[in-house]
Amino acid sequence: DANEAYCDMLGYGLEELRGMSDFYEITPERWREWEREEIWEGRLLTEGYSGVYQKEYVRKDGSVFPVELQCYTVFDDADNPLYLWAITRDVTERKLSEDLLQRRNRELILLHRASRAFTSTLDLDEVLTTVLEEVRSVFDVVACSVWLLDAEGEALICEQAIGPHSDVVRGQRLEPGAGLAGWAVERGKSLIVADALADERHDVTVDAATGLHLRSVLSVPLWVKDDVIGVLQVVDTEVGRFGREDVVLLEPL
């Protein structure tokens, strides 16, 4: 049985829910094995369960949303499980608030560690290495690099890189406006690319040198006063890794 609020939350009528052959029809596949082993077969139907846990549900329209379940197992006089009583809450708004707080904490941690690097040494390579290691750690990506314009402003040269085959990437040269890095430098704008292989602006020179097939790319121009001097680039082999919140995190650097 279910009340009207539960039905509205999922978009199903009560009879539709009752007609389901398996409760897991409203549970994303990635949660099913865990919930079956840990909750249903593990505690609910053996020693009973009284507690709260989080998972996700699938609405009738196919959309997925986070929920919190507060469950109780009710037993008969012979200690056989009789039924499960559950209070279900849609925690979408709470999760969004938690994610926002986590992003803000990431930003503060990154800026704090970067500022320590800027004030601890005047050695450019040491500063760049420290900052890039922090960026890579915070974003959990394959690699990141800093590309600076040469003295004549005629080419972008990789000054420092962190990640696989970084020794090959360092010193790589891009012609003016070439690649995603060149695009960001020429326009002075941050650039998010969900799949570099599908973007005609992507220069495959570095990919060919390292053997990595970069997919997600985030390029943020580096400024000194009113001039762009280079670009900070964060890359990963998965598609669609970056969003606007990542740009907001990196631009203060």
- Averaged per residue, what accessible area in Å² does the chain show with a 1.4 Å probe, protein chains only? 57 Å²
- What dipole magnitude, in Debye to the nearest 20, does the chain give about its Cα centre under +1 on Lys/Arg Cβ and -1 on Asp/Glu Cβ? 620 debye
- Message: Can you list the DSSP H helices in the chain whose Cα atoms extend at least 30 Å along the helix axis and whose mean Kyte-Doolittle hydropathy is -0.5 or higher?
- Response: none
- Item | Distance (nanometres) between label positions extended 7 Å along Cα→Cβ at F65 and T237 | 3.7 nm
- GNM on the chain, C-alpha springs below 10 Å: top fluctuator among C71, C144, C158? C71
- Query: the stretch 202-225 to the stretch 154-180: how many Å between their Cα centroids?
  - Reply: 8 Å
- Express the carbon and sulfur contribution to the solvent-accessible surface of the stretch 119-205 as a percent, rounded to the nearest whole number, probe 1.4 angstrom. 47 percent
- Hey, got the dipole for the stretch 66-149? About the Cα centre, +1 on K and R Cβ, -1 on D and E Cβ, debye to the nearest 20? 420 debye
- Query: Given the C-alpha centroids of the stretch 102-120 and the stretch 1-20, what is the distance between them in whole angstrom?
  - Reply: 47 Å
- The answer for the net charge of residues other than A2 whose Cβ lies under 11 angstrom from its Cβ, with Lys and Arg +1 and Asp and Glu -1, is -4
- Note on the structure: Ranking Q160, V141, G171 by how far each Cα lies towards the positive end of the charge dipole of the stretch 132-171 (+1 on Lys and Arg Cβ, -1 on Asp and Glu Cβ), the top one is V141
- Label model pair E33, Y53: point-to-point distance (7 angstrom along the Cα→beta-carbon line) in nm is 1.5 nm
- Query: How about K225: which lysines have a C-alpha closer than 23 Å to its C-alpha, ignoring those fewer than 8 places off in the same chain?
  - Reply: K189
- Rounded to the nearest 0.05, what FRET efficiency do T205 and D226 have when you use their Cβ-Cβ distance and R0 = 30 Å? 0.50
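Please get the size of the charge dipole for the stretch 144-252, origin at its Cα centre, with Cβ charges of +1 on Lys and Arg and -1 on Asp and Glu, quoted in debye to the nearest 20. Let's see the in-between values first.
Details: 9 positive and 19 negative charges, 37 e Å.
It works out to roughly 180 debye.
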- Item | Candidate lysines - alpha carbon under 24 Å from K55, same-chain residues fewer than 8 apart omitted | K95
- Considering only R173, R94, R36, give the residue with the highest GNM mean-square fluctuation for the chain, with springs between Cα atoms whenever their separation is below 10 Å. R36
- Item | Distance histogram in 10 Å bins (all Cα pairs of the chain, percent per bin) | 6, 23, 23, 14, 15, 12, 5, 1, 0
- Hey, if we sort D76, D167 by accessible area with the 1.4 Å probe, largest down, what's the order? D167, D76
- Along the Cα-to-C-beta direction of L14, a point sits 7 Å from the Cα; which residues of the stretch 70-109 have their amide N less than 16 Å from that point? 86
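The values are calculated or read from the model by the stated rules, or taken from the named source; none is laboratory data. For clarity, every value in this text was computed on a predicted model and none was experimentally measured. For neighbour counting, all protein chains shown are included, and Cβ atoms are generated from backbone atoms with ideal geometry for every residue, glycine included. These area figures cover heavy atoms from the full protein model, side chains too; ligands, DNA and RNA do not enter into them. Shrake-Rupley method; radii C 1.70, N 1.55, O 1.52, S 1.80 Å.
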